[in-house]
1. What is the distance in Å between the Cα centroid of the stretch B:28-47 and that of the stretch A:15-54?
2. To the nearest whole percent, what portion of all C-alpha pairs in the protein assembly as shown is separated by more than 30 angstrom?
3. When the expected Rg is taken as 2.2 N^0.38 Å, what fraction or multiple of it is the alpha-carbon Rg of the stretch B:57-112?
4. Could you put B:LYS40, A:LYS133, B:LYS89 in order, starting from the residue whose Cβ has the fewest other Cβ atoms within 10 Å?
5. Take A:CYS135, A:CYS49 and order them by how many other Cβ atoms sit within 10 Å, fewest up front.
6. Which value, in debye to the nearest 20, gives the size of the charge dipole of the stretch A:30-122 about its Cα centre, when Lys and Arg are +1 and Asp and Glu are -1 at the Cβ?
7. What number, in percent, do you get for the relative contact order of chain A if the mean sequence gap of Cα pairs under 8 Å and at least 6 apart is divided by its residue count?
8. Sort B:MET93, B:MET3 so the one with the fewest other Cβ atoms within 10 Å of its own Cβ comes first.
Amino acid sequence: MSQAVKTSGERRLVLQKDLTELRRLAAFARDAGRAQGLDDAQIFALELCLEEAAANIIKHSRAPGRPGGNISVSISRAARCLVARLEDDGAPFDPTRVPVSPVAESLENARVGGLGIHLIRRLATSMRYERAKDCNRLTLEFGFESDKT
Amino acid sequence: MDMIVEELEGGVTNVTLNGRLDTLGAESVDLPLSVIAGAKRAVVIDLSNVDFLASLGIRVLLTSAKSVQRKGGKLVIFVPEGNVLAVLKTAGMETLIPLFQDRIAALAAVAA
């Protein structure tokens, strides 16, 4: 599935499917965000969404009989948004199908879980999932205005 | 992630977290924090030196708050204006755990 959207300034990082790799991802997100001229809050949102998305992939997409594996992360700029893409060759995992959990009205009834996807839904402008060539591809778009073109 | 625990007057336990409460940071404080939440009834979690917060960190805070509440106690969070407070609000924590932007007010809220 090819993307017709023209992107620029792409940066790429390959991670192993290990939670200790998330710090490297965070540094990558901050560097890319700064290079794109994002402000602190925008960089924080980008960093958080990538952390949540990658943590979910690490937890959910381990392919049976195939330990390890990598996640390829890219960040680039399209015309009106920043595009972050995560690709991995693990078991199919579609975070967009995780049901939207209702907001708890009391601490007693609050359920612990599903928060990561909730944060991505709130902070990213869009989240799209594709399964192609035995790979998961998650695309997050952020409608950040940039002072750089 | 560093954690400093202080026992204050009036039976108040002040827990200061320093660093990133991201997935790894949350894993490292999960156990020590749940021990405190299981034993104490008046707890202030100080996030003023935390510069990043992810969902697992929020989950650890929520689990601790539930645990303290089950004993009839109270857990509140001291978190100044900034990105960490914004994430807590985005996650809907504002209505579940009292969030104070002022340290004195947070301590007063749990003191009997």
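1. 28
2. Working: 10693 of 33930 pairs.
I get 32 percent for the Cα pairs in the protein assembly as shown exceeding 30 Å.
3. Details: Rg = 11.1 Å, N = 56, 2.2 N^0.38 = 10.2 Å.
The reported ratio for this selection is 1.09.
4. Neighbour counts put them in this order, fewest first: A:LYS133, B:LYS89, B:LYS40.
5. Starting with the residue having the fewest Cβ neighbours, the order is A:CYS135, A:CYS49.
6. With Lys and Arg at +1 and Asp and Glu at -1, about 240 debye.
7. On the way: 245 pairs, mean separation 40.0, N = 149.
Across chain A, relative contact order equals 27 percent.
8. Values: B:MET93 23, B:MET3 16.
If I rank by nearby Cβ atoms, fewest first, I get B:MET3, B:MET93.
Throughout, read-outs are computed from the coordinates displayed, never taken from laboratory work. Remember, it's a predicted structure, so these values are computed and weren't measured experimentally. Glycine also receives a Cβ, built like all others from the backbone with ideal geometry; neighbour counts cover every protein chain displayed.
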